[in-house]
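Data block below; observations after.
The values are calculated or read from the model by the stated rules, or taken from the named source; none is laboratory data. Computed from a prediction, not measured in an experiment: that's the story for all the values here. When we count neighbours, we look across all protein chains shown, and the Cβ atoms used for this are built from the backbone with ideal geometry, even at glycine. Please note that ligands, DNA and RNA were not included when accessible areas were found on the heavy atoms of the full protein model with its side chains. Shrake-Rupley method; radii C 1.70, N 1.55, O 1.52, S 1.80 Å.
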Amino acid sequence: MSLNFGKVDEILKSYGLVPHEIKNGQCTEYSFENKTVHVRKKNVATSVTALNNGGVGGYLYVDHLKEYNNHPNKTKMGHIPIGDMTEAELKNTLEKVIKDYR
């Protein structure tokens with residue numbers, strides 16, 4: 001089952017991520033207030049938005065994780081889309097991602 005914005009928002013917040021509206025409120029970015037990854041990046045998820053079809057769009061930052069180096073949907077900025085993830089996949093990926101934030 002596809003995730004919706006409400007569920008993704010709930011999951012991201014449960015990991016201690018703080019939402020910040022970006023692009024004049026069109027979407028949300030989630031970051032740690034006091035933690036960064038080695039490239040001094042605070043945001044974990046970006047451009048998270050509800051879609052008209054009830055799904056969710058947005059991306060997780062994974063550039064610091066070698067296992068995602070050849071991910072077919074990885075962007076030039078080091079993000080992978082969350083729209084097609086299941087709840088379990090999102091949580092599993094988040095746990096890997098946030099381990100390196102200090």
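For this structure, a couple of remarks:
- Failed condition for Val18, given (1) within 12 Å of the chain's Cα centre (by Cα); (2) farther than 24 Å from Asp100 by Cα: (2)
Yes/no matrix, rows are residues, columns are (1) part of a helix (DSSP H, G or I); (2) among the aliphatic types (A, V, I, L, M); (3) over 9 Å from the mean Cα position of the chain (by Cα):
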| residue | (1), (2), (3) |
| --- | --- |
| Glu29 | no, no, no |
| Glu33 | no, no, yes |
| Thr36 | no, no, yes |
| Lys76 | no, no, yes |
| Asn92 | yes, no, yes |
| Lys96 | yes, no, yes |
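Residue-by-condition table, conditions (1) over 16 Å from Asn4 (Cβ atoms); (2) at pLDDT below 95; (3) open to solvent by 30 Å² or more (accessible area, probe 1.4 Å); (4) touching a Ser or Thr at 6+ places or on another chain (Cβ under 7 Å):
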site: Gln26; (1), (2), (3), (4): yes, yes, yes, yes
site: Lys35; (1), (2), (3), (4): yes, yes, yes, no
site: Asn53; (1), (2), (3), (4): no, yes, yes, no
site: His79; (1), (2), (3), (4): yes, no, no, yes
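- Selection count where residues are in a strand (DSSP E or B) and open to solvent by 20 Å² or more (accessible area, probe 1.4 Å), scope the stretch 55-74: 1
- Residues located in the stretch 38-51, provided they are open to solvent by less than 60 Å² (accessible area, probe 1.4 Å) and part of a loop (DSSP other than H, G, I, E, B): Lys41
- Candidates Ser14, Ser2, Ser31, filtered to the one that is surrounded by fewer than 16 Cβ atoms within 10 Å (Cβ to Cβ), among the small types (Gly, Ala, Ser) and closer than 19 Å to Glu95 by Cβ: Ser14
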